[in-house]
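Since the structure comes first, as C-alpha cells, the remarks are kept for the end.
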There are 2 protein chains.
Amino acid sequence: MNFADRISLCIQKFGPLVLGLDPHIEYLPRFILEQELKEKGKTWEALAQAVTLTNNKLLDELQDTVGMIKIQMAFYEMLGIPGMSALKSTIEHARNLGYIIILDGKRNDISSTALAYARGYLSSVSFPGGQIESFWKVDALTINPYLGEDGLRPFIDEAGKTDKGIFVLCRTSNRSAPTVQDVSGPEKVYVKVAQMVEALGEKMIGESGFSSIGIVVGATYPDDLKLLRTNFPSLLFLIPGVGAQKGYIKSLANAFRDDGLGAIVNVSRDVIFAYREDLNNESGVGFEKKARERAIYYQERFWELFR
Amino acid sequence: MNFADRISLCIQKFGPLVLGLDPHIEYLPRFILEQELKEKGKTWEALAQAVTLTNNKLLDELQDTVGMIKIQMAFYEMLGIPGMSALKSTIEHARNLGYIIILDGKRNDISSTALAYARGYLSSVSFPGGQIESFWKVDALTINPYLGEDGLRPFIDEAGKTDKGIFVLCRTSNRSAPTVQDVSGPEKVYVKVAQMVEALGEKMIGESGFSSIGIVVGATYPDDLKLLRTNFPSLLFLIPGVGAQKGYIKSLANAFRDDGLGAIVNVSRDVIFAYREDLNNESGVGFEKKARERAIYYQERFWELFR
C-alpha cells in the first residue's frame, strides 16, 4: 500500500502521535541502566542494552495507543556498534508489533552515495552475483535538502519502488532555522524546498490525496505551518517541536486537512521520559505506564482540534 | 595541536590529496570479493569483510603518498552491523598508520541530538556514573548547515574542546547544488553559510592562519571557489568533485593560498578503483599499486599548480 495511505489509516486508527524514541542516556530509567552497568561494567554494551530494554518496554506498552515511531539515529550511533545493535533490535521489535517506523537520520548526499543510503535503509543491496534485503529496512526516512534536487531524487526513486516514504526537512523547529531557511529570492528557501518536494512526489500520491514524499515542519512556526498546509495540500507533514521543545498544540490545527489527515506529530522526551516529572520516582519503575498515559493525553488533545 | 595546523603540516609533507574511501561494492577487486562470498556465502559479513580487506591494502600501500583519508559513511551503513564493523576496523587501521581521518556523514540536527553526534564521533560519551571515550573517534566530520547556526554550534563546541575539525557543506559539487544554495537575499545561501562558519570558527584559528571549522566547496564550481578563497581567507576548504565527478584540476589553483595551504582535495573512485581502467585486469590483483600510482599523479598535479 502507498505509504501516505498507510499513514492516513494509522491516523484514523490511533491518532497522529508519533512516538519519538530518542534514548538520552541520562534520562533512561535508573533501575534498568544501573542493573546493566552492574552486570556489564561501564561499557557500550551496558548502555546499549539499557536502551534496548527501555525501548522494548515502551513499544510493548504503547502498542494500542500509538501506531508510529520515529527513531533518532544519533543516540544509537553514539553508542558504537552495540548502539547499532540496539537500533536493529528496536526496529525488529517495532516491526513485529506492527508500528510504522520512521528513521530520523537526516541523511543527505548525491548520486551513488545517496543511493547507498536509500538502499541500505529502504530496499535492497545488490552486488556482483546477488542481492540482499536491506539490513535496516524501515518504512520512511528523514532527509536534508541542502544539496538540491539531485540529492533528493535517489531517495525518492527508491522509496517509490518499494512503497516507502520520505520526509524532507523543510521548516525545522529550532530557533536559528530562519538563518538559512528564510533566505529569500524571491521565494524563501524552505518554500522552494516544499515546491521541489511537491514536484518530485507528484507521482506518489495515494488515495488519501497525500504524497509519500512529505516534509518536516516544526510546530514552533505556526504561521509557516498554516502557509505550507494551504499552499501544498498534497504534502504530508512530520511535525517535531511539541513537548520538550514547547510548541503549542493549538496551533497544530493549521497543520491538518479538515478531515484530520495530513500531519503526524512527533513527541519524544515528554512521552518516553514522562516519569521524570514525578520527583519521588528516582528509580524509574513504571516509566512505561507514565509514557502510555502521556501518549493518550496527546492523542486526545490532537482529536480535540477537530471537535 | 590545532586541527587546521595539523592539516597544514600534512599538506606540506604529502600534498593536499585526501584518499576517499568510498567502497562501492560493484567496484571492489573481484579476487577479494569472490573469495569472501565463497567463504561466507552471500552475506553482509562477506561484503563487509571485502571492504575491510580492500581498505587495509589501500591504507598500507598509500601511507607514504597520502596523509588524509575521507570515509564515506553511506557505504558502510548500507552493509548493516557488519558494515559498521568494517568502518571501525578501517578507522583503527588508518589511525595506527597515522592518517588524519575525516568522516563524511553530512550529519545534522539540533541541540542535544547534534551533541550526541558530535560526542559519538569526536569526543566522549557521559552517563550517570561514568564516561567513555568516543567509540568511533575520528579527526573531523562533515556536517550540513540547513538547520542554521544552532545546528552547527554543538559540533563546533565539541570540536573546539578536543582539537578536532569540522567541514560544513557550503557549495557542494553536484549539478542541482544551486537550487537551494543560490537562493539569494541579498547574499546567496552558500555565502551566508560561509559567513556563519567564519564567525563560529574565529576562535579556532591556528598558527597557519586557518580555522579548524572549514567548508566543503565543490571543484565543479571554480568561480565560487575563487570568490570564497578571496573573501574567507581563514576557511579551510575540503574539495570534492575531482576525478569521478570530472572537476578540473587547473581551476583548483583558486582554492589555495599563495603558499599552497588552505585546501584539501578528495578523490575517491578515480584513485581507489584506478585498476578498472585496465580492461585486462578483471580480477583486480594489484589494485593497490594502481591506486598508489594514481595518488602520486594527483599529488604531482597539485604541486604543479604553484610552480
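Listed values, structure above:
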| item | result |
| --- | --- |
| Conditions (1) under 27 Å from B:Glu158 (Cβ atoms); (2) modelled with pLDDT of 95 or more; number of the one not met by B:Pro240 | (2) |
| Filtered residue count, region B:77-124, keeping only those that are part of a helix (DSSP H, G or I), aliphatic (A, V, I, L, M) and closer than 16 Å to B:Leu58 by Cα | 4 |
| Top-ranked residue of region A:83-104 - restricted to ones that are at the interface with chain B (Cβ under 8 Å from one of its Cβ atoms) and either open to solvent by 10 Å² or more (accessible area, probe 1.4 Å) or under 22 Å from A:Asp64 (Cα atoms) (or both), ranked as farthest from the chain's Cα centre (by Cα) | A:Ser85 |
| Candidate set from region A:156-165 (those that are more than 13 Å from chain B (Cβ to nearest Cβ) and either in a loop (DSSP other than H, G, I, E, B) or of a type in the set (D, E, K, R) (or both)); member that is least open to solvent (accessible area, probe 1.4 Å) | A:Lys164 |
| Filter result (open to solvent by less than 30 Å² (accessible area, probe 1.4 Å) and closer than 29 Å to A:Ile25 by Cβ) within region A:257-269 | A:Ile264, A:Val265, A:Asn266, A:Val267, A:Ser268 |
| Qualifying positions in region B:110-125 - in contact with a strand residue (DSSP E or B) (Cβ under 7 Å, 6 or more places away or on another chain), within 25 Å of B:Tyr146 (Cα to Cα), at the interface with another protein chain (Cβ under 9 Å from one of its Cβ atoms) and open to solvent by less than 10 Å² (accessible area, probe 1.4 Å) | B:Tyr117, B:Tyr121 |
| For A:Ser176: the one exception among (1) closer than 24 Å to B:Arg153 by Cβ; (2) touching a residue at least 24 places away in the same chain (Cβ under 8 Å) | (2) |
| Residue match in region B:23-32 (condition: part of a helix (DSSP H, G or I), under 22 Å from B:Ile296 (Cα atoms) and open to solvent by less than 10 Å² (accessible area, probe 1.4 Å)) | no |
| Helices (runs of 4 or more DSSP H) enclosed by region A:166-232 - at least 2 residues per element that are out of contact with any Pro (no Cβ under 6 Å at 6 or more places or on another chain), open to solvent by less than 40 Å² (accessible area, probe 1.4 Å) and away from every other protein chain (no Cβ under 11 Å) | A:189-200, A:222-231 |
| Residues within region A:241-275 that are assigned to a helix (DSSP H, G or I) and in contact with a Gly (Cβ under 8 Å, 6 or more places away or on another chain), tallied | 6 |
| Check on B:Ile132, in a helix (DSSP H, G or I), open to solvent by 10 Å² or more (accessible area, probe 1.4 Å) and within 11 Å of another protein chain (Cβ to nearest Cβ) | no |
| Test: A:Phe287 is aromatic (Phe, Trp, Tyr) and in contact with a Gly (Cβ under 7 Å, 6 or more places away or on another chain) | no |
| Number of the condition not met by A:Arg307 [criteria: (1) modelled with pLDDT of 95 or more; (2) open to solvent by 10 Å² or more (accessible area, probe 1.4 Å)] | (1) |
| Filtered residues of region B:135-155 (kept if under 17 Å from the mean Cα position of the chain (by Cα) and in a loop (DSSP other than H, G, I, E, B)) | B:Trp136, B:Lys137, B:Val138, B:Asp139, B:Asn144, B:Pro145 |
| Residues that are β-branched (Val, Ile, Thr) and out of contact with any helix residue (DSSP H, G or I) (no Cβ under 7 Å at 6 or more places or on another chain), drawn from region B:206-241 | B:Val216, B:Thr220, B:Thr230 |
| Pairs where the first residue, in region A:285-299, is open to solvent by less than 30 Å² (accessible area, probe 1.4 Å) and the second is basic (Lys, Arg), C-beta under 7 Å, 6+ apart | A:Glu288/A:Lys57 |
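Each row is one residue, and each column tells you yes or no for (1) in contact (Cβ under 8 Å) with a residue 60 or more places away in the chain; (2) in contact with a helix residue (DSSP H, G or I) (Cβ under 8 Å, 6 or more places away or on another chain); (3) on the phi > 0 side of the Ramachandran plot.
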{"position": "A:Ile7", "(1), (2), (3)": "yes, no, no"}
{"position": "A:Pro16", "(1), (2), (3)": "yes, yes, no"}
{"position": "A:Leu19", "(1), (2), (3)": "yes, yes, no"}
{"position": "A:Leu53", "(1), (2), (3)": "no, yes, no"}
{"position": "A:Lys70", "(1), (2), (3)": "yes, no, no"}
{"position": "A:Met73", "(1), (2), (3)": "no, yes, no"}
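Per-residue answers, yes or no, for (1) open to solvent by less than 10 Å² (accessible area, probe 1.4 Å); (2) within 14 Å of another protein chain (Cβ to nearest Cβ); (3) of a type in the set (D, E, K, R):
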position	(1), (2), (3)
A:Gly15	yes, no, no
A:Gln35	no, yes, no
A:Thr43	no, yes, no
A:Ala46	yes, yes, no
A:Ala50	yes, yes, no
A:Leu59	yes, no, no
A:Val66	yes, no, no
A:Gln72	yes, yes, no
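The values are calculated or read from the model by the stated rules, or taken from the named source; none is laboratory data. Since this is a predicted model, take the numbers as computed values, not measurements. Methodologically, a virtual Cβ is constructed for each residue, glycine included, from the backbone with ideal geometry; neighbour enumeration extends over all protein chains shown. The protein model used for the area step is the full one, side chains on, heavy atoms only, and it has no ligands, DNA or RNA in it. Shrake-Rupley method; radii C 1.70, N 1.55, O 1.52, S 1.80 Å.
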